[in-house]
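Heads up, the thing below is written out as C-alpha cells.
Coordinate-derived values only; no laboratory data. In this text the structure is predicted, and so the values were computed from the model without any measurement. Note: ideal-geometry Cβ built from the backbone for every residue, glycine included; neighbour counts use all protein chains shown.
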Amino acid sequence: MPPDRVRARRLELGERIRAAREHANLTQEAVSLRTGVRIATISDIELGHRAALIDTLFRLADGIGVPLAELVRE
C-alpha cells in the first residue's frame, strides 16, 4: 500500500482524467475503444485505485484529446 500522500496524488490525477473525459463528452467505454485501455483500468485510475503507467497516460491523453501535461499538472 502506497503512502497517503501518494494515494492522494493518485486520486487527484484520476479526478483530472475524469474531468477531461467528461469535458470531452466521452464515456469510459468510448475512451477504451479509442485507446485499447480496458474500461476497468480507466475506472481504477480515475478512482485512484491503480497507479497508471506512463504509456497508459499517453494513450488516455491522446484518446481524450488533451495534452498529457493537462492531466499530470500539479
For the peptides 44-53, 62-71, what is the packing order when you average, over each peptide's residues, the other Cβ atoms within 10 Å and list the highest mean first? 44-53, 62-71
Expressed in angstrom, Rg and Dmax over the Cα atoms of the chain are 11.3, 33
Rounding to the nearest 10 and keeping the result within 0 to 90°, find how far the Cα-based axis of helix 54-64 lies from the longest principal axis of the chain. 40
Under a point spin-label approximation (7 Å from Cα along Cα-to-Cβ), what is the Arg7-Leu33 distance to one decimal in nm? 3.6
Among Leu11, Ala51, Gly63, flag the residue with its Cα farthest along the positive direction of the charge dipole of the chain, charges on Cβ as +1 for Lys/Arg and -1 for Asp/Glu. Ala51
